[in-house]
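J.: Once you've had a glance at the structure underneath, I'll fire off some questions.
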Amino acid sequence: MVSEEKVRIMTKINHLESQEKRKEIKELRYKKFGYTAIHTLENVLLISVAYILIALIFVYNRANYLISTAFVKNYMSYIRLVIIPYGVISIIVIISSVIYYRHKYDRQLAGLQDYRDALNELEEYYEREKKGI
């Protein structure tokens, strides 16, 4: 037999799932560490690709100069010129991504409190129904 209380709770859950919170619900399946790590890794990967593309453009524009001074210059200075800024940029991106995505996870988790309350209410209803109360 269908209970009005059960229908009310399930309608509330369905309404919350069909709103804009669907994406948040999907993202919050991860633990905080996993959520932060995935997004931080994604940002580092994107920054790395962008940095490599910028370096290739720089090398392409300076190809004549680099070839003409190939035997005179020390390549370690060029490597340091590329590696050190990349390391600094990567560290900045990692730190800022971790801070941002931890904060974002906490905000989303707090925003879904009503959804979690409705799920707990449904679970309590099923337990009461199971006991025959």
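J.: Taking a ≥ b ≥ c as the square roots of the Cα gyration tensor eigenvalues, with a/c under 1.5 meaning rounded and otherwise prolate when a/b beats b/c, else oblate, which class fits region 31-111? Could you put the intermediate results ahead of the total?
T.: Working: a/c = 5.14, a/b = 3.44, b/c = 1.50.
Because a/c hits 1.5 or more and a/b exceeds b/c, region 31-111 counts as prolate.
J.: If I model a spin label as a point 7 Å beyond the Cα along the Cα-Cβ vector, how far apart are those points for Ser90 and Arg62 in nm?
T.: Calculated label separation equals 2.0 nm.
J.: Something else about it: If I stretch the segment between Ser77 and Ile52 completely, what's the gain in nm (0.36 nm per residue apart, minus their alpha carbon distance), one decimal?
T.: 7.2 nm is the gain from fully extending Ser77 to Ile52.
J.: Further, regarding this structure: Between Glu123 and Leu41, what's the calculated FRET efficiency when r is the beta-carbon distance and R0 is 30 Å? Round to 0.05. Working shown, then result.
T.: Working: r = 34 Å, r/R0 = 1.14.
That pair, Glu123 with Leu41, gives E of 0.30.
Each reported figure results from applying straightforward, stated rules to the coordinates on display, with no laboratory input. Quantities reported herein were computed from a predicted structural model and do not represent experimental measurements. Ideal geometry is used to build each Cβ from the backbone, glycine not excepted, and the neighbour counts take in all protein chains shown.
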